[in-house]
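Note sheet for the following structure.
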Amino acid sequence: MRRDNADIARGCGHTQSACCYDSLMTADLHYLSLLDVSECIRRRDLSSVEIVSALLARIAAFEPRLNAFLRVMGDTALADAARADGELSRGQWRGPMHGVPIGIKDLIDVAGAPTTSGTEIMKDRVPADDATIVARLKRAGAIIIGKTHMTEAATLDHHPMYKRPDNPWKPGFWTGVSSSGSGVSVAAGFCYGALGSDTGGSIRMPSSACGLSGIKPTWGRVSRQGVFPLAESFDHIGPMCRTAADAATMLQIIAGQDPADPTALTAPVPDYAAELGAGISKLRIGVDWRLLEERVDTAVAESIREAAVTFERLGAYLREVALPPIAAPMAAIAPLMMAEIRAAHAETYPRHADRYGPALARMLAGADALGAVDVARAVHARTVWNGRLRRLFDEIDILLVPAAPGPTPSCEELDALQGDAAALMDRISRYTMPFNVSGSPTLSLPCGVDRNGLPLGLQLVGPHLSEALLCRAGHAFQQATDFHTAHPVLE
């Protein structure tokens, strides 16, 4: 039964005060938040089948240009949506993910679907079982609408056999890597959330480039069983959504211990949603103002300063801090990451070197030149960096830093840097990779617009297992700002 529009709007709590039914009619449905569309489904104002059908039509219209998916799973998504609707008609509601379409990065196993990791060498691999996190999402009622595009094996460039995704905000611009398709799919209105992986910034960089809210949880907070590794001690899995509240909702489902992954943390998972509205009065937010003077674009620096003022107005205390030096430690730690990447491909490289793309092949060849002393020094450098960062959180609760040193680059600009790994990493991951080294939870949020009309992002970083606090701070910021409500216009 359809309800009157005012009643529907109140139930959905949609930020634009538009009811779900009207949104479907006016083509705004695809840009609802995950929690808004969840409430529409729960109230049966819209069916999951209606929503999936509308998104599949949108994908058919715009996917040829944007290339967000390696595989659209339309038939199974519609079947699963019908099942979700049937359960709801019988009074069974699985929670806020019930009937909600999401994307899964293509290095995460989905039973019966090709899981390629963006490679040619695994293009025919079809896992028999779901990854733990996929199984959890399915049990929560989520609908998998597709496997999202990604760079080759989650590195810095896409395999030549695949057309790379395009930024929905502006053609020819970078989407962020390696969770490129996950960022594009949510930003373009193809789904309401997506899973990404993050080894040096691969949740946060696409979130920043595409105007999303993405969480890189504490290392081990989310199981990596059924996820193809890049560099295992740096790898994190997390959600990419439109709002911090949406991301907290997805994280709630995928977080927690897993007997199938001995590296998954056993600490209890708090109720992230329950803490969202608590505010941030007296929260100590650290800012290293020097970072904004060191090779940081003017627009980026100004967006961080304005964000800091917003947090202060919300009741937080700003504390000036000195972030431990970044460049030298990250360069020293790089051999450890390289060695772990090489280990992930030990079975297929160099035996099948001809099937690798040029960027990944160069990386693996470079790893073969490393020595034991290089790796040992990297382990020590990591230990020192982590210790210094840990001490910083004795003074503050969370840290505010840019997501990137400059605006989102064009694809042409980044292509020119592909032969210089050090320059490329400095350009895109200067402020993201350090927190993979430390395993620190980090939330990326949109906080401005650059000179090309593309989003700018910030990061909130916390001590280990502080995801609830980060989500609360992010939610407070988004209640006071509207950057997260902007969407690209596709034509």
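Output the relative contact order of the stretch 333-398, whole-number percent, from Cα pairs under 8 angstrom with separation of 6+ residues. Could the numbers behind the result be given before it?
On the way: 28 pairs, mean separation 34.4, N = 66.
52 percent.
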(message) For a quick check of your reading of the filter: which trypsin sites (Lys or Arg not before Pro) in the stretch 394-491 sit in a DSSP loop and have no more than 10 other Cβ atoms within 10 Å?
(response) R451
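May I ask for the equivalent-ellipsoid semi-axes of the stretch 346-388, computed as the square root of five times each C-alpha gyration tensor eigenvalue and listed largest first in whole Å? Intermediate results must be reported in sequence, preceding the final value.
On the way: eigenvalues 165, 25, 13 Å².
Computed over the stretch 346-388, the values are 29, 11, 8 Å.
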(message) What three numbers, in Å, describe the spread of the alpha carbons of the stretch 296-374 along their principal axes, ordered from the longest?
(response) 58, 29, 22
(message) Just the number please: accessible area per residue for the chain, 1.4 Å probe, all protein chains included, in Å².
(response) 37
(request) Work out how far the C-alpha atoms of the chain reach from end to end along every principal axis, then list the three figures in whole Å, largest first. (result) 69, 54, 45
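Would you work out if the stretch 107-204 is rounded, prolate or oblate? Take a ≥ b ≥ c from the square roots of the eigenvalues of the alpha-carbon gyration tensor; rounded if a/c is under 1.5, else prolate when a/b is larger than b/c, oblate otherwise. Walk me through the intermediate numbers first.
Values: a/c = 1.88, a/b = 1.27, b/c = 1.48.
The shape class here is oblate.
Which of rounded, prolate, oblate describes the stretch 314-356, given a ≥ b ≥ c as roots of the alpha-carbon gyration tensor eigenvalues and a/c under 1.5 marking rounded, otherwise prolate only if a/b is larger than b/c?
Working: a/c = 5.39, a/b = 2.89, b/c = 1.86.
It comes out prolate by the Cα gyration axes.
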(message) I'd like the Karplus ³J(HN,Hα) series for the stretch 236-250: coefficients 6.51, -1.76, 1.60, θ = phi - 60°, whole numbers in Hz, and an x wherever there's a Gly or Pro.
(response) 10, 10, x, x, 10, 9, 7, 9, 4, 5, 4, 5, 4, 5, 5
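Give, in whole angstrom and from largest to smallest, the semi-axes √(5λ) of the equivalent ellipsoid of the stretch 156-195, with λ running over the eigenvalues of the Cα gyration tensor.
Numbers: eigenvalues 58, 30, 14 Å².
The answer is 17, 12, 8 Å, longest axis first.
In percent, how large is the relative contact order of the chain, given Cα pairs closer than 8 Å and 6 or more residues apart? List each step's numbers first, then the result.
On the way: 1066 pairs, mean separation 79.4, N = 491.
Averaging sequence separation for qualifying contacts and normalising by length gives 16 percent for the chain.
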(request) Can you send over the solvent-accessible area of V126, 1.4 Å probe, protein chains only, in Å² to the nearest 10? (result) 80
(message) If I model a spin label as a point 7 Å beyond the Cα along the Cα-Cβ vector, how far apart are those points for Q92 and D482 in nm?
(response) 4.2
(request) Using per-residue counts of other Cβ atoms within 10 Å, averaged over each peptide, order 230-243, 127-140, 387-400 from highest down. (result) 230-243, 127-140, 387-400
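Over all directions, the average projected area of the alpha-carbon convex hull for the stretch 329-409 comes to how many nm²? Don't skip to the answer; put the middle values down first.
Values: hull surface 30.8 nm².
Projected area, direction-averaged: 7.7 nm².
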(message) What does the charge count around C411 come to, taking other residues whose C-beta lies under 11 Å from its C-beta (Lys +1, Arg +1, Asp -1, Glu -1)?
(response) -3
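If W219, W93 are ordered by their accessible area, calculated over protein heavy atoms with a 1.4 Å probe, which sequence runs from highest to lowest? Mind showing how you got there, number by number?
On the way: W219 70, W93 110 Å².
The ordering from most to least exposed comes out as W93, W219.
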(message) I'd like the Kirkwood hydrodynamic radius of the stretch 175-263, using the inverse of the mean 1/r over distinct C-alpha pairs, in Å.
(response) 12.8
(request) Compute log10 of I(q)/I(0) for the stretch 253-298 with the Debye formula, placing one identical point scatterer on every Cα and leaving out solvent, at q = 0.15, 0.18, 0.27, 0.29 Å⁻¹, to two decimals. (result) -0.75, -0.79, -0.99, -1.07
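Where does each of I121, I102 land when they are ordered by accessible area, with a 1.4 Å probe and the largest first?
Output order, biggest surface exposure first: I121, I102.
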(request) Using the Karplus curve 6.51 cos²θ - 1.76 cosθ + 1.60 with θ = phi - 60°, work out ³J(HN,Hα) for each residue of the stretch 73-85 in order, rounded to whole Hz, and write x for Gly and Pro. (result) 10, x, 5, 5, 5, 5, 5, 5, 5, 4, 5, 5, 5
(request) Pairs to check: K105/K282; K170/K216; K138/K282; K138/K170. Give those whose C-alpha atoms are more than 30 Å from each other in this structure. (result) K105/K282; K138/K282; K138/K170
(request) Tally the DSSP beta bridges in the chain and give the antiparallel ones as a percent, rounded to 5. (result) 65
(request) Any chance you could look up the accessible area of V227 with a 1.4 Å probe, heavy atoms only, rounded to 10 Å²? (result) 30
(request) Determine one quarter of the surface area of the Cα convex hull of the stretch 246-363, which equals its mean projected area, and express it in nm² to one decimal. (result) 12.2
(message) I'd like the accessible area for M150: 1.4 Å probe, protein heavy atoms, all chains in place, Å² to the nearest 10.
(response) 0
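Label the stretch 391-491 by shape, choosing from rounded, prolate and oblate, from the square roots a ≥ b ≥ c of the eigenvalues of the Cα gyration tensor; if a/c is under 1.5 it is rounded, and otherwise prolate applies when a/b is larger than b/c, oblate when it is not.
Values: a/c = 2.83, a/b = 1.22, b/c = 2.33.
Oblate.
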(request) Apply the Debye scattering formula to the stretch 51-108, with a single equal point scatterer on each alpha-carbon and no solvent, then give log10 I(q)/I(0) at q = 0.12, 0.14, 0.15, 0.22 Å⁻¹. (result) -0.34, -0.45, -0.51, -0.93
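Summing +1 for each Lys or Arg and -1 for each Asp or Glu, what net charge is found among the other residues whose Cβ lies under 12 Å from the Cβ of S444? Don't skip to the answer; put the middle values down first.
Working: positive: R204, K216; negative: D198.
Within the 12 Å Cβ shell, the charges total +1.
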(request) Any chance you could list P(r) for the stretch 182-324, counting all Cα-Cα pairs in 5 angstrom bins from zero, rounded to whole %? (result) 2, 9, 14, 16, 19, 20, 13, 6, 2, 0
(message) Can you report the principal axis dimensions of the stretch 282-425 using only the alpha carbons, biggest first, rounded to whole angstrom?
(response) 58, 37, 22
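The values are calculated or read from the model by the stated rules, or taken from the named source; none is laboratory data. This structure is a prediction, so every number in the text was calculated from the model and none was measured. Cβ sites come from the backbone with ideal geometry, for glycine too, and all protein chains shown count toward neighbours. Calculation scope for accessible area: heavy atoms of the full protein, side chains included, ligands and nucleic acids excluded. Shrake-Rupley method; radii C 1.70, N 1.55, O 1.52, S 1.80 Å.
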